[in-house]
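Inspection log for the structure reproduced underneath, given as structure tokens.
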Amino acid sequence: MSEKARRLFDALDLDQDGTLTRAEVIGALRSKGPTLAAQGAIPFWGVGDTEESSALFDAADQNGDRVLTFEEFAAVVDRRFGW
């Protein structure tokens, strides 16, 4: 799994508990997305609206527990963003 995925995961983990909730992913991408894209942490086309952020979360939540581990998150973003 890529270092870029780790940096993005850590940036989205607002409460720094080592997991991501849907609210964290949506909120962090809305508030930090443009800055993360400018820093190269996420492609510019990867910064989407609430629906797209929610879809990213759903794609990554493989076990359906409504919480993303780094492994779940990285498997999707590495593939989706071509890392």
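Figures for the structure shown
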read-out	value
Fraction of accessible area attributable to carbon and sulfur, the chain (%, probe 1.4 Å)	50
Dipole magnitude of the range 42-83 about its Cα centre (Cβ charges: Lys, Arg +1; Asp, Glu -1), debye to nearest 20	140
The chain, dipole about Cα centre (Lys/Arg Cβ +1, Asp/Glu Cβ -1), debye to the nearest 20	320
Mean Cα-pair separation over length for the range 3-83, i.e. relative contact order, pairs under 8 Å, 6 or more apart, %	35
Length released on extending from Q16 to R80, taking residue separation times 0.36 nm less the Cα-Cα span	20.7 nm
Accessible surface, per residue, of the chain when the full set of protein chains is kept, probe 1.4 Å, Å²	56
Over the chain - Rg/Rh using Cα atoms and the Kirkwood inverse-distance radius	0.91
Cβ-defined net charge surrounding D58, 13 Å radius [Lys, Arg +1; Asp, Glu -1]	-2
Extreme residue, positive dipole direction of the chain, given options S54, L36, V25 (C-beta unit charges)	L36
Prolate/oblate/rounded call for the range 1-42, Cα gyration tensor, a/c under 1.5 rounded	oblate
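The values are calculated or read from the model by the stated rules, or taken from the named source; none is laboratory data. Only a predicted model underlies this, so the values are computations on that prediction, with no experimental measurement involved. FYI the Cβ positions are ideal-geometry reconstructions off the backbone, even for glycines, and counts take in every protein chain you see. Heavy atoms of the whole protein, side chains included, go into the accessibility calculation; ligands, DNA and RNA do not. Shrake-Rupley method; radii C 1.70, N 1.55, O 1.52, S 1.80 Å.
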